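Here the structure comes first, spelled out in structure tokens, and everything after it is commentary.
No value in this document is a laboratory result; all are computed from the given coordinates. Keep in mind the model is a prediction, meaning the values are calculated, not measured. Here Cβ is always computed from backbone atoms with ideal geometry, including for glycine, and neighbour counts include all displayed protein chains.
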Amino acid sequence: MNPRMNFDQASKGIPMLKDKVAIITGSTSGIGLGIARELAKLGANLVLNGLGDPGEIEAIRSGIERDHGVRAVYDGADMSKADAVRGLITTTVKKFGRLDILVNNAGIQFTAPVDEFPTAKWDEILGINLSAAFHAIAIAVPQMKKQRWGRIVNIASTHGLVASTHKAAYVAAKHGLVGLTKVVGLETAGSGVTCNAVCPGWCERLWSKNRSATWLRNAASVKNKPSRTCCPRSNRLSILPPRSSLEAP
């Protein structure tokens, strides 16, 4: 199979990402699950990752296979541990023989004034929201370069562009993720591998569902608020550059 995307497949009714392999971290709920389902619709085989009830995760995994006719596996790698993140990539390549798409989506949140912010929480958020993406990319890039095709998508945030109070670790991590994206994009230029970041606004997530309506109204009124909200069920993610950059020479 030519490692370059063949857009003629679409005109023949063949899913655009058929036989491609995608890892989506933090994909058992929220944005990550929405992305996973969209990639499955396009024919990609999936590696799901994230937290949750084992029975519910299995229902999600089997449902994706049933609904879209793709292969979907679950890997519970701990995104706070470098070796586990790197192992997620190597295990996927061994299992599928390739890795085409990496979506770094896993993230956590904690809020407190900077002078009261627990050191342990700072380290945890930086580890999962930023370092995990670094470790995954570091192992994925050589494989993608070998294939001469790969797509890395980092799910950052509007907090990778602006700040909010009480979110020192989250804002620092998301700004760092945007910076990491730029570096990797430069380093992979011309190789067939691309690296981009998506910066969503307020989204419905498990860790935000418990926020009160008053808190959400107050958050939406801050000066640096995102321009719009989003919902994972309607989320759309473009991971493909213009046609001319994907077709075989």
Set the Förster radius R0 to 25 Å, insert the Cβ-Cβ distance between Lys18 and Phe134 as r into 1/(1 + (r/R0)^6), and round the FRET efficiency to 0.05. 0.25
Taking amide hydrogens as modeled 1.01 Å from N in the peptide plane, which residues meet the under 5 Å criterion relative to Ser27, leaving out close sequence neighbours? Asn49, Gly50
Cα centroid separation, region 141-168 to region 113-127 (Å): 21
Whole-Hz ³J(HN,Hα) from phi, Karplus 6.51 cos²θ - 1.76 cosθ + 1.60, for region 139-147, glycine and proline x: 8, 6, 4, x, 5, 5, 5, 4, 7
Quick shape check on region 66-215: root eigenvalues a ≥ b ≥ c of the Cα gyration tensor, a/c under 1.5 is rounded, otherwise prolate if a/b tops b/c, else oblate, and it reads prolate
What's the extension gain from Thr165 to Ala82 if we count 0.36 nm per residue and subtract their Cα-Cα distance? 27.0 nm
Over region 121-178, what is the relative contact order in whole percent, taking alpha-carbon pairs under 8 Å and six or more residues apart? 47
Given a Förster radius of 35 Å and the C-beta distance between Glu65 and Arg148 as r, what FRET efficiency does 1/(1 + (r/R0)^6) yield to the nearest 0.05? 0.75
Lysine pairs in region 83-155 with Cα atoms under 30 Å, if 8 or more residues apart or on separate chains: 4
Which order, highest average first, do 188-200, 92-104 follow once you tally other Cβ atoms within 10 Å for each residue and take the mean per peptide? 92-104, 188-200
